[in-house]
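Report on the following structure.
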4 protein chains.
Amino acid sequence: MNKRLGIGVIGLGRLGSSYAKYLNGRIEGAHLVAVSDVNEVAAARLGAELGVSKQYGRYQDLIADKEVEGVVIVSPTSTHQEIVLDAAKSGKAIFCEKPLSISLEAARSMLRVVEQAGVFFQMGFMRRFDKGYVAAKRKIEEGVIGTPVLFKSSSRDPFRPSLEYLDPAHSGGLFVDCGIHDLDLARWYMGEIESVYSIGGTLAYPEMKEIGDIDNAVTSLYFKSGALGTIDLSRNGVYGYDIRTEILGTEGTLKVGYLRETPILVMTKDGITHDTVPYFTERFEQSYITQLQGFVENVQQGKAPSVSCADGVAALQASVAATLSYKENRPVKIQGDDLVQGDDLV
Amino acid sequence: MNKRLGIGVIGLGRLGSSYAKYLNGRIEGAHLVAVSDVNEVAAARLGAELGVSKQYGRYQDLIADKEVEGVVIVSPTSTHQEIVLDAAKSGKAIFCEKPLSISLEAARSMLRVVEQAGVFFQMGFMRRFDKGYVAAKRKIEEGVIGTPVLFKSSSRDPFRPSLEYLDPAHSGGLFVDCGIHDLDLARWYMGEIESVYSIGGTLAYPEMKEIGDIDNAVTSLYFKSGALGTIDLSRNGVYGYDIRTEILGTEGTLKVGYLRETPILVMTKDGITHDTVPYFTERFEQSYITQLQGFVENVQQGKAPSVSCADGVAALQASVAATLSYKENRPVKIQGDDLVQGDDLV
Amino acid sequence: MNKRLGIGVIGLGRLGSSYAKYLNGRIEGAHLVAVSDVNEVAAARLGAELGVSKQYGRYQDLIADKEVEGVVIVSPTSTHQEIVLDAAKSGKAIFCEKPLSISLEAARSMLRVVEQAGVFFQMGFMRRFDKGYVAAKRKIEEGVIGTPVLFKSSSRDPFRPSLEYLDPAHSGGLFVDCGIHDLDLARWYMGEIESVYSIGGTLAYPEMKEIGDIDNAVTSLYFKSGALGTIDLSRNGVYGYDIRTEILGTEGTLKVGYLRETPILVMTKDGITHDTVPYFTERFEQSYITQLQGFVENVQQGKAPSVSCADGVAALQASVAATLSYKENRPVKIQGDDLVQGDDLV
Amino acid sequence: MNKRLGIGVIGLGRLGSSYAKYLNGRIEGAHLVAVSDVNEVAAARLGAELGVSKQYGRYQDLIADKEVEGVVIVSPTSTHQEIVLDAAKSGKAIFCEKPLSISLEAARSMLRVVEQAGVFFQMGFMRRFDKGYVAAKRKIEEGVIGTPVLFKSSSRDPFRPSLEYLDPAHSGGLFVDCGIHDLDLARWYMGEIESVYSIGGTLAYPEMKEIGDIDNAVTSLYFKSGALGTIDLSRNGVYGYDIRTEILGTEGTLKVGYLRETPILVMTKDGITHDTVPYFTERFEQSYITQLQGFVENVQQGKAPSVSCADGVAALQASVAATLSYKENRPVKIQGDDLVQGDDLV
């Protein structure tokens, strides 16, 4: 057995705490040696709960810790750049939760830093580790559906997150916060995107107008290959957390996703009914775990990251282009001049 | 019981022959008195088979027939205008299969003629009579999903129709021939469309480039209400005839459509498998019958048509706008100057 | 084209009226020439509606009609024997709705009469003509599931029929009235039944105790081949008309049946819901039509009946054995002494 | 936080090793302090992997360990009695995997011992902890389906386990080894069983005749309440691990189970296909974890066991009765003289 990889988790919010727990027993080859959060009480509490004695308030101290070989960054997006910079300088292996940044310029800068430092860097896009999505990738590679010609994806939250969370100044807005997952999948399955066109609106939650964000959107994708795509995003999938992707090819179609959480059907005079997937934790817990497992294995075995920093930049770029398209009501090219001003969007 | 309505069917191709058969026994209150086709042999053969003694080569003779109170027009689209004109002048009740025309100008002219003549005119859009689509309309009206905010629809043919059929000079191209159904549903469920944006490509059948049409497309819809839409069209739904529509509202979602034709599941080491819907006949036969039944009842009871001539114009207008948007790669407004040149598209 | 087969329908209740309508336009090669019912008013009304001028009060007159080449018997079960006898003597082709009789002795006598007369006789078991059930038969014959080892079938009514209808003196009781369909399928797919064991109870409708029938039952089947079976019957499938059959083989499993009538899913905070199949008309209308079509074709083409009189006797025999088993709480062999007293059951 | 419960796992086969892993990090409040297996190498290896320093070859040493407060018994069934006896004497809390024993007399003796010792004892029936099965229990209690009248359950292995495993001398045969799960659920949902009737056969794997067991069976259940049941068991569910239960009530029906493992549909010219659940690990892993979590919580909080030793005896009793019924081809009462000789079955 390999020596276990010493890991520090930075950012102990909801997802960060989960990551820390997974790393503390469910990820083979991982050794959670430190946790860090600006909220030192939270860090101390989680550390105690997990039996992790190193609990830092300052992430810099975690990075400086010799036992920490890899850092898992789950802190607020606005802090990613600084932390990645420091971690890269210290030569740590890095896992960074999506999005890299809400600023395209910052993201590009992070990519340069990571490349120059030559450190291992894996981007967090957990959907790529879901069994259904993985199976779709493999089926496409096996030629089961021939040449993919249409990518179709939906992301629906079961309720509106808090306005504080949604504030585009932090979240980057609907296309960056939510659509980035679908845009990453689009690239993964179909190759590079040539241009996008978005429409959207504040249709379900008028209060979102105050923070300047929309709650529903549709983005058309034109891929460099000539293939087509459409993504719809919504904050009002009130029936459940509904994440679906479909890839239509010349020889067949793949549909990824499911809606029923509990394996029971209730059949009465009111019809046949089943429940739905509550939220992302239920839908993607195993994907988060598989993702972290992959991170650890890739580092230990000297493999390339499953999702690279460049993938993170590219997905952000598409998200920013989608946002710009919505704002200016015109098709926007992913590369070239169209995005010059994209960085000032949020 | 009312006296039965004397009906003549004009155009005895595949769908026309089916219509004639339905009218000859399965539509209450209808009396099929005459059939007509430029192919007189075909008319004679079908007439003999159905026991309909009046078999005309010239549709004008059918319209002139005193026993014919209503005409069902299922002839090639290019003949619709002339026939509707004649039937309107003769004061016959008219049922006209979609599309009205592939020319927006012609369609608008037909609308004027029909309105001036004051005859009953019902447009053929059979999906509106499918049990699933009808149920969706009712559920929306009942408020089950709150305010609709997203319309999402897919039409996929299981194979490429003949190039002769597809030739845009006759069919109007993908958006008019195929997309018009989805665009009609869009208007029915969501209200008027403000603008559209289309992308497309010849991705599965290179030979379609010769006739100047595409085989896959995605159209974004922006409704006057502010709601959003996306339609994807494909000629390569090789797994089956796949017609699906989804309406997302503030309180819920409706999904219309199904894929399994035969109620059997085969479960072996290769997995769980079922078949698919072969084609439109299987999917919509009952809708065609219900549609004709409604036509007859509406005429007999002096009701308004279920789908009006103006609906036919509006759906064509949206189809033409979608085509123009694809050709010019820009959002196109449904009304106003944007469509001035739309009539020259095909 | 063949000369059409002159047909007379005897018994114009709900199902008989439907049969008459199907035969009057939807069955190729059939010519409905006469209808008959002891309720002469009903016969006259339906005859007028369908444009069938021969409307008899006495079935004997219908049988005596020279134009009538085939009779379709849908009258009450208690009249089947007499009518079959007369029709056989007159050399008419016979279609008889299930069950042949509720008396095993009577049924056996009918079989002898039919065989001696040498007339064409087809038993009515419409499930054998359902697309799903037909596909299952074909898949088994193709070896898709290897050797069948388990037959599993369910028949559930969505509500309790009237006590008058259910009275075992007329209906034969739950196993004969309802279970006979599953027992016929059991023989069709699996071969002859060796023995049965039934349990049952009046569990949902206490008032059924008054007429001496049960509303729920489970019957185990042991086939001559050594294969196994289980059938459950219920009058309280209150969520819908639920008819399902499953055949497990050494290489796979087939499942026949479906529950959703309308192709729409409603997705709200209350979950994902669809409707159910209301009743047998919706579930099996096409099967009834296909069944009659087959009857007409078999007669015209001199083919053997799809379902023979002997099949009718055998299914009844199994139903009577299931009833006896329930009454005596012991396994009952289908053939031999066990059934000697079975004929006195009802 | 409570002090964690010191636990020792006895028996480190496939399931025992999994239990040990779950208890070593995924069960809150549990502290895995020792493992034991007659295969000392296996015990040492697993102990090392999990960082559990106490690795016993003799289970007696584990029981004698003061740190061990609760024992989890996953050793071969034939050893259960002796271990339970020793653990009870030592006053340890006991979790025992199903079945208690294959001997009814032994099981009854274990129940007496446990009751006399007054120790906590929880029976392992993991299905009771599956989300679907739990939801069904709750829905029944809430009255969603009215009064339950029919219990219907299926257990199908995707392949034949080894003949060594299946040997009835160890496994107890099909009804005890496999059917006991369905019989336990039957009691849980419907109350006590009055009598059973079984049929069965060696239909898929002739080689099973050598060990004297069958590979398919159907058992009818008659409950004390008057309700009915049917269970089918098969070793040749070659398409996947298929575990399904249905409860029909006077007001509705519940269906528990699912078949698709990976959330992807493949749609090609060959139809629409999905995969299936491979085996019990995939289907019930979370149930095993929830079950152990419940065991630990019940012990710590002084609650009654979720599944009692008496439940274990009762389920075995029904399994033995089902076996006897099959062997003698007659209905067998669960209590009373019928089972006097049942203990000698295997």
remark   = Here the whole-number average of other chain Cβ atoms within 10 Å per Cβ of D:272-284 is 3
key: region A:34-42 - phi-based ³J(HN,Hα) in whole Hz, Karplus 6.51/-1.76/1.60, Gly and Pro as x   = 7, 10, 8, 7, 5, 7, 5, 5, 4
request  = Pop a pseudo-label 7 angstrom from the Cα along the beta-carbon direction at both C:LYS131 and B:GLU115 and give the gap in nm to one decimal.
outcome  = 4.3 nm
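Within chain B, what whole-number % of the accessible surface is contributed by carbon and sulfur, with the 1.4 Å probe and all protein chains included in the calculation? Show your work: numbers first, answer last.
Details: 6040 of 12480 Å².
Answer for chain B is 48 percent, counting heavy atoms of protein chains only.
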inquiry  = Over region C:194-345, what portion of Cα pair distances is larger than 26 Å, expressed as a whole percent?
reply    = 48 percent
query = Over the Cα atoms of the protein assembly as shown, what Rg and Dmax result, in angstrom?
reply = 35.3, 106
ask   = What do you get when you divide the Cα radius of gyration of chain B by 2.2 N^0.38 Å, with N the number of residues?
value = 1.00
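Counting only protein heavy atoms and rolling a 1.4 Å probe, how much accessible area do B and C lose on contact, total for both sides, in Å² to 100?
Numbers: alone 15480 and 15470 Å², together 28810 Å².
Separately minus together, B and C give about 2100 Å² buried.
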ask   = Which pairs break 30 Å Cα to Cα here: A:LYS269/D:LYS152; A:LYS139/C:LYS139; B:LYS98/B:LYS255; B:LYS54/C:LYS66?
value = B:LYS54/C:LYS66
task = Mind ranking D:255-261, D:233-239 by how tightly packed they are, going by the mean number of other C-beta atoms within 10 angstrom, highest first?
result = D:233-239, D:255-261
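What is the packing order of peptides D:6-19, D:205-218, taking the mean over residues of other C-beta atoms within 10 Å and listing the highest first?
Working: D:6-19: 22.8, D:205-218: 18.9.
Packing order, densest peptide first, comes out as D:6-19, D:205-218.
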message = Over the Cα atoms of region D:87-233, what radius of gyration and what Dmax do you get, in Å?
response = 17.1, 48
message = For q values of 0.12 Å⁻¹, compute log₁₀ I(q)/I(0) with the Debye formula on a Cα-only model of region A:1-138, without solvent.
response = -0.46
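Under the rule a/c < 1.5 gives rounded, and otherwise a/b versus b/c splits prolate from oblate, where does region B:11-59 land using the Cα gyration tensor?
Working: a/c = 1.93, a/b = 1.58, b/c = 1.22.
In terms of gyration-tensor shape, prolate.
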remark   = So the angle from the long Cα axis of helix D:80-89 to the longest Cα principal axis of chain D, reported in degrees to the nearest 10, equals 40 degrees
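For a Förster distance of 25 Å, can you work out the FRET efficiency between the beta-carbons of C:LEU15 and C:GLU164, rounded to the nearest 0.05? Before the final figure, lay out the partial values.
Values: r = 16 Å, r/R0 = 0.65.
The computed FRET efficiency comes out at 0.95.
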Degrees separating the helix D:131-141 axis from the principal Cα axis of chain D, which is the longest one = 70 degrees
message = What's the whole-number percent of alpha carbon pairs in region C:64-125 lying beyond 15 angstrom?
response = 42 percent
remark   = Hull surface over four for the Cα convex hull of region D:110-189, reported in nm², is 7.7 nm²
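Would you mind working out the magnitude of the charge dipole of chain A relative to its Cα centre, with +1 at each Lys and Arg C-beta and -1 at each Asp and Glu C-beta, to the nearest 20 Debye?
820 debye
As a test of the formula, what do you get for chain C when each DSSP H run with n ≥ 4 contributes -39,500 (n - 2.57) and the sum is divided by the residue count, at 222 nm and rounded to the nearest 500 deg cm²/dmol? Write out the running numbers ahead of the final one.
Working: 13 runs with 132 residues, N = 346.
My calculation for chain C gives -11500 deg cm²/dmol from helical runs alone.
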inquiry  = Please compute the per residue accessible area over chain C with all protein chains in place, 1.4 Å probe, rounded to a whole number of Å².
reply    = 36 Å²
key: Peptide-level mean, for D:254-263, of C-beta atoms on other protein chains within 10 Å   = 6
ask   = So what are the ³J(HN,Hα) numbers for region A:155-160, from phi and the Karplus equation (6.51, -1.76, 1.60; θ = phi - 60°), rounded to whole Hz, Gly and Pro as x?
value = 10, 10, 7, x, 6, 6
Lys, Arg +1 and Asp, Glu -1 on Cβ, resulting dipole of region C:29-120 about Cα centre, debye, nearest 20 = 140 debye
query = Once amide H atoms are built 1.01 Å from N in the peptide plane, which residues 5 or more positions from B:ILE94, or in another chain, come under 5 Å H to H?
reply = B:VAL71, B:PHE120, B:PHE121, B:GLN122
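Tally Lys/Arg at +1 and Asp/Glu at -1 over every other residue whose Cβ is under 11 Å from the Cβ of A:CYS178; what's the total?
Details: positive: A:LYS98, A:ARG156, A:ARG235; negative: A:ASP157, A:ASP177, A:ASP182, A:ASP213, A:ASP215, A:ASP232.
Local charge sum for A:CYS178: -3.
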note = Within the protein assembly as shown, the percent of DSSP beta bridges that are antiparallel, given to the nearest 5, stands at 60 percent
message = Placing one identical point scatterer on every Cα of region A:248-304 and ignoring solvent, what is log10 I(q)/I(0) from the Debye formula at q = 0.15, 0.17, 0.18, 0.31 Å⁻¹?
response = -0.75, -0.82, -0.84, -1.14
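What is the mean number of Cβ atoms from other protein chains located within 10 Å of the Cβ atom of each residue in peptide C:203-212, rounded to a whole number?
Working: counts 11, 8, 1, 0, 0, 0, 0, 0, 0, 0.
The per-residue average across the peptide is 2.
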message = Taking the 0 to 90 degree range and rounding to the nearest ten, how far is the long axis of helix C:280-301 tilted relative to the main principal axis of chain C, both from C-alpha atoms?
response = 50 degrees
inquiry  = Ordered shortest first, which distances in nm separate the 7 Å Cα→C-beta label point of D:GLU105 from those of the other copies?
reply    = 5.2, 8.8, 10.2
query = Arranged from highest to lowest average of other beta-carbon atoms within 10 Å per residue, in what order do the peptides C:147-155, C:297-305, D:184-192, D:277-285 appear?
reply = C:147-155, D:184-192, D:277-285, C:297-305
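The values are calculated or read from the model by the stated rules, or taken from the named source; none is laboratory data. Since we're looking at a predicted model, the values are computed, not measured. Glycine gets a Cβ as well: all are built from the backbone with ideal geometry, and neighbour counts include every protein chain shown. Quick note on the areas: whole protein, heavy atoms, side chains included, nothing else; ligands and nucleic acids left out. Shrake-Rupley method; radii C 1.70, N 1.55, O 1.52, S 1.80 Å.
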